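What follows is a short report on a single structure.
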């Protein structure tokens, strides 16, 4: 099974006031850390860029991935999902990742892939904060549904809609995401 990954890194980080993609955690930018984790497990890997794309691209320049520009990044996460999926047409499944979850590593992605394969369920999602969300892996049969999501909706809405077809992978660290200045204190910069 060919498993690709989409790293969503196009947003403008309005609530934070600076590009969260370029914040550092354990010596790496958040976007580089997420992309490297994806590359350890998945191929190909597409990183969707929009706001501040030149600086984000520079932080990834030596990694074997595809940068996918999203000219409509301001319209929302759904538009970035569409761009990323369009770059991964040859994959049988895709892992969807966001770059503002600093605790995501290759082990989390491996556990998602393993659980999906073991259970035979078409989706495996991370379980944290009494919810299911990304990172998550989706079989090809869900690509069209992901591409039809409204601009302001991410993959979580599809996970919820198909919750009976979702394998759960416990990932308490998924609850940590960097959205506001107070969240930055969680990073060991």
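Every number here is computed from the coordinates shown, using simple stated rules; none is lab data. Since the structure is predicted, the reported quantities are computational estimates derived from the model, not experimental observations. Note: ideal-geometry Cβ built from the backbone for every residue, glycine included; neighbour counts use all protein chains shown.
What separates the Cα centres of the range 1-56 and the range 75-112 is a distance of 10 Å.
The ranking of 3, 137, 176, 123 by Cβ neighbour count inside 10 Å, starting from the fewest, reads 176, 3, 123, 137. Length available on full extension from residue 61 to residue 24: 0.36 nm per residue minus the Cα-Cα distance, which gives 11.7 nm. A full extension of the chain between residue 186 and residue 75 corresponds to an added length of 37.1 nm, given 0.36 nm per residue minus the alpha carbon distance.
Put in line by how crowded their Cβ is, counting other Cβ atoms within 10 Å and starting with the fewest, 26, 156 read 26, 156.
Calculated [222 nm] ellipticity per residue, helices only, for the chain: -8500 deg cm²/dmol; basis is -39500 (n - 2.57) per DSSP H run with n ≥ 4, divided by all residues, nearest 500.
Compared with the dominant principal axis of the Cα atoms in the chain, helix 106-119 is inclined by about 10°.
Counted residue by residue at 0.36 nm each, then reduced by the alpha carbon distance between them, the extension gain from residue 89 to residue 118 reaches 8.0 nm. Taking label positions 7 Å along the Cα-Cβ direction at both residue 175 and residue 127, the computed distance is 1.4 nm, reported to one decimal. In terms of surrounding Cβ atoms within a 10 Å radius of their Cβ, 75, 129 rank from fewest to most as 129, 75.
Modelled spin-label separation between residue 165 and residue 43, with each label point placed 7 Å from Cα along the Cα-to-Cβ direction: 2.9 nm. Helix 77-86 and the longest principal axis of the C-alpha atoms of the chain enclose an angle of approximately 70°. Here the chain yields Rg over Rh of 0.93, to two decimals, using C-alpha coordinates and the Kirkwood radius. Between the helical axis of 30-39 and the longest alpha-carbon principal axis of the chain there is an angle of about 30 degrees.
Only beta bridges with both residues in the chain are counted; by DSSP, about 35 percent of them are antiparallel. Only Cα pairs under 8 Å and 6+ residues apart enter the sum, and on that basis the relative contact order of the chain stands at 27 percent.
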